[in-house]
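Below is one structure; the comments refer to it alone.
The values are calculated or read from the model by the stated rules, or taken from the named source; none is laboratory data. The model shown is predicted, which means the values in this text are computed figures rather than measured ones. Positions of Cβ are backbone-derived with ideal geometry, glycine not excepted, and every protein chain shown enters the neighbour counts. Side chains included, ligands, DNA and RNA excluded: accessible areas come from the protein's heavy atoms. Shrake-Rupley method; radii C 1.70, N 1.55, O 1.52, S 1.80 Å.
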Amino acid sequence: MSILFSFFAVIALVVAAYAGVKIANLQFLFGVIIPYIAIALFILGFIYRVLKWGSSPVPFRIPTTCGQQKSLPWLKQNKIENPSSTAGVIIRMALEVLLFRSLFRNLKTQLRDGKLVYGEAKWLWLAGLAFHWSFLIIFVRHFRLFLQNTPSFIKTIEGLDSFLQVGVPLLYMTDVVLLGTVTYLFLRRVFIPQVKYMSLAADYFPLFLILGITASGVLMRYFYKVHIVGVKELAMGLVSLNPVIPQGIGVIFYIHLFLISILLAYFPLSKLMHMGGVFLSPTRNMANNSRMVRHINPWNYPVHVHTYEEYENDFRKKMKKAGIPVEKE
Amino acid sequence: MKIYNGGKILLGLIIFGALFASPFYLNMGKVSAKPELKIDTPEIQKLEDKKCVEPKEFMRAEHMQILNSWRDAVVRNGDREQIIISGHKYEKSLQNGCMKCHSNKKDFCDKCHNYMAVKPYCWDCHIAPKEKKS
């Protein structure tokens, strides 16, 4: 149900963009107004979500660790998996963000001959990593459409990505990897029963949306070519706040742009916010130094404390009478 | 609203904004001129019927495919048969075909390729025509 709902939602978006441009001639709406609204929603929504997370107190020091913590001097500490310093946390976070360290530990649990057994399950890690890196490279590559003089590092990335020199225009390896990994990530949700059971429309929709964006981009580059110089004019017009709608750009470009606008606008509302959220995960971004530094719960409100000194002051006479030792005479 | 670890969060948000909004401030105050192609070379002036092998829109999108199929035909299959369109013969060749008319690489090929940051590998093998500096 959630699969079909997400699938037809993306199809409806494609049809909306096609009809809007091809039939209703709303190039300005789909090429300028909607992208601007989407960018504003994305950046402001992102900031709002992060600030909202930032305003939530962390009552306990709760890093999840998996190595020897700092202890007696002759016990070797695992400084990365169980960091006690900021430097360790930074290295741990970098491994998490860049290489998905915790997903690398993914395990498969099975009952075999009545015994519970655990096995390696690296495919999700591999596909996830390939997916995210390809997406990043494709995103960075697109900056050639937004900058008048494309910086050389973007040209270098593009050169490496099309290194195999297959066909013309040159085939980008990341395009193939992205299509393959998104398909894998979708099929995995369909074919693994436990994963399917807990998958919602909010899981399928981004997958179909990204699949739609990738597919329209691939079609546009290799098959139904658009007026690419016009595309850059439009993009440059958007970012220099001087929007123009060049004539003769193919409708598939507007479909691509509309799906991206939807992705941007949907981003802050969705699970895609893990992009910012990974940096704000208390189980990752805290040092395990609870034996060295006292973590004060920000939720603590002033509690009326009756100290022993005050207690003794109140009952000193009675304590002396009863023969209880007192600290102050 | 109290923000915990405000400094670090602000730093992260500044990096986020700086990266995602970079096209906006990097292009501020710059005028972006779209490429204007010159198709007034002497060879084209001589043509009565000023037509390429295919219509303009098709050439604009698919010229690389044509060159690629010509390369395969000539280099791999030895098929150098000329292309005849409305009585006019065209060499199946980059240097002797396309560049015969479009002899102004700098004002023709390079205009769009530079604008789009595309680096075609034609000139890895072919020798670019000598041109007067314009």
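Of the residues that make up region A:191-199, is at least one open to solvent by less than 40 Å² (accessible area, probe 1.4 Å), touching a Phe, Trp or Tyr at 6+ places or on another chain (Cβ under 9 Å), assigned to a helix (DSSP H, G or I) and not charged (D, E, K, R)? No, region A:191-199 contains no residue that is open to solvent by less than 40 Å² (accessible area, probe 1.4 Å), touching a Phe, Trp or Tyr at 6+ places or on another chain (Cβ under 9 Å), assigned to a helix (DSSP H, G or I) and not charged (D, E, K, R).
Among the residues of region A:261-278, are any in a loop (DSSP other than H, G, I, E, B), modelled with pLDDT of 90 or more and of a type outside the set (Val, Ile, Thr)? Within region A:261-278, one or more residues are in a loop (DSSP other than H, G, I, E, B), modelled with pLDDT of 90 or more and of a type outside the set (Val, Ile, Thr).
Please specify each residue of region A:282-329 satisfying the condition of being β-branched (Val, Ile, Thr), surrounded by 11 or more Cβ atoms within 10 Å (Cβ to Cβ) and free of Cβ contacts under 8 Å to residues at least 12 places away in the same chain. Selection gives A:Ile324 alone. Of all the criteria given as (1) buried (at least 18 other Cβ atoms within 10 Å of the Cβ); (2) more than 21 Å from the chain's Cα centre (by Cα); (3) within 30 Å of A:Lys122 (Cβ to Cβ); (4) not small (Gly, Ala, Ser), the one not satisfied by A:Ile34 is (3). Among the conditions (1) part of a helix (DSSP H, G or I); (2) out of contact with any Phe, Trp or Tyr (no Cβ under 8 Å at 6 or more places or on another chain), A:Gly128 misses just one, which is (2). Based on what the data block shows, is A:Leu160 without any contact (Cβ under 8 Å) to a residue 40 or more places away in the chain, more than 10 Å from chain B (Cβ to nearest Cβ) and outside any helix (DSSP H, G or I)? For A:Leu160, the condition - without any contact (Cβ under 8 Å) to a residue 40 or more places away in the chain, more than 10 Å from chain B (Cβ to nearest Cβ) and outside any helix (DSSP H, G or I) - is not met.
Under the condition of being free of Cβ contacts under 8 Å to residues at least 60 places away in the same chain and not in a helix (DSSP H, G or I), the residues counted in region B:1-36 number 13.
For every residue, the table says whether it meets (1) surrounded by 12 or more Cβ atoms within 10 Å (Cβ to Cβ); (2) part of a loop (DSSP other than H, G, I, E, B); (3) touching a Gly at 6+ places or on another chain (Cβ under 8 Å).
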{"position": "A:Cys66", "(1), (2), (3)": "no, yes, no"}
{"position": "A:Trp74", "(1), (2), (3)": "no, yes, no"}
{"position": "A:Lys79", "(1), (2), (3)": "yes, yes, yes"}
{"position": "A:Leu98", "(1), (2), (3)": "no, no, no"}
{"position": "A:Gln110", "(1), (2), (3)": "no, no, yes"}
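For region A:230-281, taking the residues that are aromatic (Phe, Trp, Tyr) and away from chain B (no Cβ under 14 Å), the one that is surrounded by the fewest Cβ atoms within 10 Å (Cβ to Cβ) is identified as A:Tyr266.
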